[in-house]
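Notes follow once the structure below has been shown.
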Amino acid sequence: MSGGKRNPELDKEAQQWIEAVIGEKFPGGSYDDAIKDGILLCKLINKLQPGSVAKIATSGGGFKLRENVSAFQNAARSYGLPDAELFQTVDCFEKRNIAQVTSCIHALGRQAQKKNFSGPTLGPKMSDSNVREFTEEQLRAGQGMVGLLNDGMNKGASQAGQNMGLTRHI
């Protein structure tokens, strides 16, 4: 019942990270079932950004539990995740695209590192900017190189004989 291609290894990494961050194990059963009501996701975002989800519904049927998923999405967005990294509520709650939910959790892990979250990490460390300072002399020397590169690239290059598929029918 999943829309995207699932990678069990990524699911496992996401689960282990959530467990490490929130300090509790997933309940028995499948990964999908453990995250579908949004409770663990809300606990996770509250650890990363305390107070993100003020009230987590732990009972009350589908509608109440579905609100957890929406609350997590809003909190993740305000934590800095772009919409493209999020998932639709049905992807999680109805288990339609668990791969996208896992992808979102991994994106959250990267964002947590970027924000210097001191707890457990998920995935590779995000690279920091690598600013370089050049002297005026180095910049001038580099400008001469660009000309040489362009000369080499254009040697023998010609567009003669290329019609790019543009033909006119009369």
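The values are calculated or read from the model by the stated rules, or taken from the named source; none is laboratory data. What you see is a predicted model; the values in this text were computed from it and never measured. Methodologically, a virtual Cβ is constructed for each residue, glycine included, from the backbone with ideal geometry; neighbour enumeration extends over all protein chains shown.
When ALA84 is tested against (1) surrounded by 21 or more Cβ atoms within 10 Å (Cβ to Cβ); (2) of a type in the set (A, V, I, L, M, F, W, C); (3) under 15 Å from the mean Cα position of the chain (by Cα); (4) not in a loop (DSSP other than H, G, I, E, B), only condition (1) is not met. Within region 70-94, residues that are under 17 Å from ASP37 (Cβ atoms) and without any contact (Cβ under 8 Å) to a residue 24 or more places away in the chain reach partners that are hydrophobic (A, V, I, L, M, F, W, C) and surrounded by 15 or more Cβ atoms within 10 Å (Cβ to Cβ) with beta carbons closer than 6 Å, at six or more positions or on different chains, in the pairs GLN73/LEU86; PHE87/VAL101; PHE87/CYS104; THR89/VAL69.
Just one of the listed residues (LYS25, LYS47, LYS64) is without any contact (Cβ under 8 Å) to a residue 24 or more places away in the chain, outside any loop (DSSP other than H, G, I, E, B) and either surrounded by fewer than 22 Cβ atoms within 10 Å (Cβ to Cβ) or polar (S, T, N, Q) (or both), namely LYS64. Screening PHE72 on (1) surrounded by 15 or more Cβ atoms within 10 Å (Cβ to Cβ); (2) modelled with pLDDT under 95 shows it passes everything except condition (2). The residue that is modelled with the lowest pLDDT, counting only those in region 50-61 that are surrounded by fewer than 18 Cβ atoms within 10 Å (Cβ to Cβ) and either of a type in the set (Val, Ile, Thr) or within 20 Å of GLN113 (Cβ to Cβ) (or both), is THR58.
Just so you know, in region 87-111 the residues that are polar (S, T, N, Q) and assigned to a helix (DSSP H, G or I) include one that is surrounded by the most Cβ atoms within 10 Å (Cβ to Cβ), and it is THR102.
When SER70, SER52 are screened for being of a type outside the set (A, V, I, L, M, F, W, C), more than 16 Å from the chain's Cα centre (by Cα), farther than 18 Å from LEU122 by Cα and not in a helix (DSSP H, G or I), only SER52 passes.
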